[in-house]
Amino acid sequence: FAGLADVSIAEDIPVEGEITIPVGSHSPDEDYSTLDEPVRDTIVRDLKAVGKKFVHVMYPKKSSALLRDWDLWGPLVLCVSLALMLQGGSADSKEDGGPQFAEVFVIIWFGAVVITLNSKLLGGTISFFQSLCVLGYCVLPLTVAMLVCRLVLLAGSGTVSFIIRLIVVVAMFGWSTLASTAFLADSQPPNRKALVVYPIFLFYFVISWMILTFTPQ
Amino acid sequence: IASLVMYLFAEFDDAANLLAANPDATTISIDEPAEIPKNQHSRRQEPGREEDDELLGTDDSDKTELLAGQKKSAPFWTFEYYQTFFDVDTYQVLDRIKGSVFPVPGKNFVRLYIRSNPDLYGPFWICATLVFTIAVSGNLSNFFIHLGKPTYHYVPEFRKVSIAATTIYAYAWLVPLALWGFLMWRNSKVMNIVSYSFLEIVCVYGYSLFIYIPTAILWIIPQKVVRWVLVVFSLCLSGSVLVMTFWPAVRDDNRRIALATVGTIVLLHALLAVGCLAYFFDAPELDFPAPVIPAHNVSTVVTKSR
């Protein structure tokens, strides 16, 4: 940089310019924080966000809305409703009954955390809560399957109802796995995609198994 | 030039003479940098051993630590440290699984597949898959066995999942810990050629459990003969992987201790298989009086009647 050492500005040339920093116009709702708005607005806004994500899960396209604004309300609602619907199974007092509420809850959340850790350890670029959000929201098809199963079981529990339940659960299991893979697979290194997808497959398989083997008492 | 060549040959002759006189001298060979630590231990250079050493790899005994690896330089409280245990690609995991299912006689699993890069992905997820496979297959098999009986009421037996998980994870992690501790203790008494790090032992055990997954699925078939043939077959395959891995590590030791170690490894492996078969899968031919008897009591009746 020796050539620049003796650069100097001649003193007779005026230097002019502006040093004001342009400030964007204040949009009206930046002036008050969301603390002042009515509670109904807050709740409705959050509900709309959750509903939009449900729609994204049912029609999984490559949109990043699910990833960008993650929230865990949807997964919580789905997990609780699934765990509640899996209650009332055979013989809660006996040892060999179906999963208890706490077991379903733990399987879903602990399973989602383990899968997220697995994908991060393998070098994925997705953040922890984004991945939890996607895995939780993609339980939606299986919750729908559980609802359908309970309705079918009200009608009867013979072979025909079992076949219907089997078809519904298998279809929803495929839908869940494909939806979550569509959202999560892009953030993985390409030569490890199968290593990340397999635990997701196992996770939804276990949930599907719990739904399929639900027998009312 | 001829005299220069003669001079160089003379130098080599001198070196050879020196080496013949003092075989334990440290020599430096350019192609195998790992030879240096090997020559520092006093060893009998038997011709048969050299071939095994080539299969078994370098002597790591002066580098063994709880979790070996030159590349794990991040401190253990950072995330990057644990990422080094998952540094595998899909094809590597598939290769390791293939190596555990088709053991090649004479080839050491650790040397061939893992020595460069032990991982925790395989052991963890193979164990998880095995847990759920055993629980689901056991449930399905019991369902098919009792299907025709009018008094039978299907139960999902979800409790068994947690029992299966405890058993299999305890086997896959505590037995390697004990084995590693034992090998370290023997290593301090007898200089072994080969020693493994804790992570490599966990890897071998994890991948050797893979054969039990299709075995558990095939155990649904309600024939006693078929089930026991499957037990023996899978035990032979995965047992041979374990034996071929650990025999070189104890071979230099006292004969009895070596045989006892390898025998214990195989025995524990067999116990796992037989125990899972007995507990999770009801026997096909017995007639049950009423389904009120919980499945646990039934399987104890089954084991007593064997």
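A few notes on this one:
- For the stretch B:134-171, a decrease in accessible area of 30 Å² or greater in the assembled protein chains relative to the isolated chain, with a 1.4 Å probe, applies to B:Val136, B:His153, B:Tyr154, B:Val155, B:Pro156, B:Phe158, B:Arg159.
- Within the accessible area of the stretch B:86-284 (1.4 Å probe), percent carbon and sulfur: 74
- Interface residues of the stretch A:117-151, defined as a loss of at least 30 Å² in heavy-atom accessible area between the chain alone and the complex of all protein chains with a 1.4 Å probe, are A:Asn118, A:Lys120, A:Leu121, A:Leu122.
- Computed accessible area, B:Asp282, all protein chains, 1.4 angstrom probe, square angstrom: 10
- Accessible area per residue for the stretch B:86-284 is 39 Å², calculated with a 1.4 Å probe on protein heavy atoms, without ligands, DNA or RNA.
- Chain B contacts chain A over a buried accessible area of about 2800 Å², both sides summed; the probe is 1.4 Å and only protein chains count.
- Cβ charges +1 (Lys, Arg) and -1 (Asp, Glu), total dipole of the stretch B:86-284, debye: 500
- Interface residues, the stretch B:113-130 - accessible area loss of 40 Å² or more versus chain alone, probe 1.4 Å: B:Tyr121, B:Trp125, B:Thr129
The values are calculated or read from the model by the stated rules, or taken from the named source; none is laboratory data. The structure presented is a predicted model; accordingly, all values stated were derived computationally and were not measured. Note that each Cβ is placed from the backbone with ideal geometry, even for glycine, and that neighbours are counted across all protein chains shown. The protein model used for the area step is the full one, side chains on, heavy atoms only, and it has no ligands, DNA or RNA in it. Shrake-Rupley method; radii C 1.70, N 1.55, O 1.52, S 1.80 Å.
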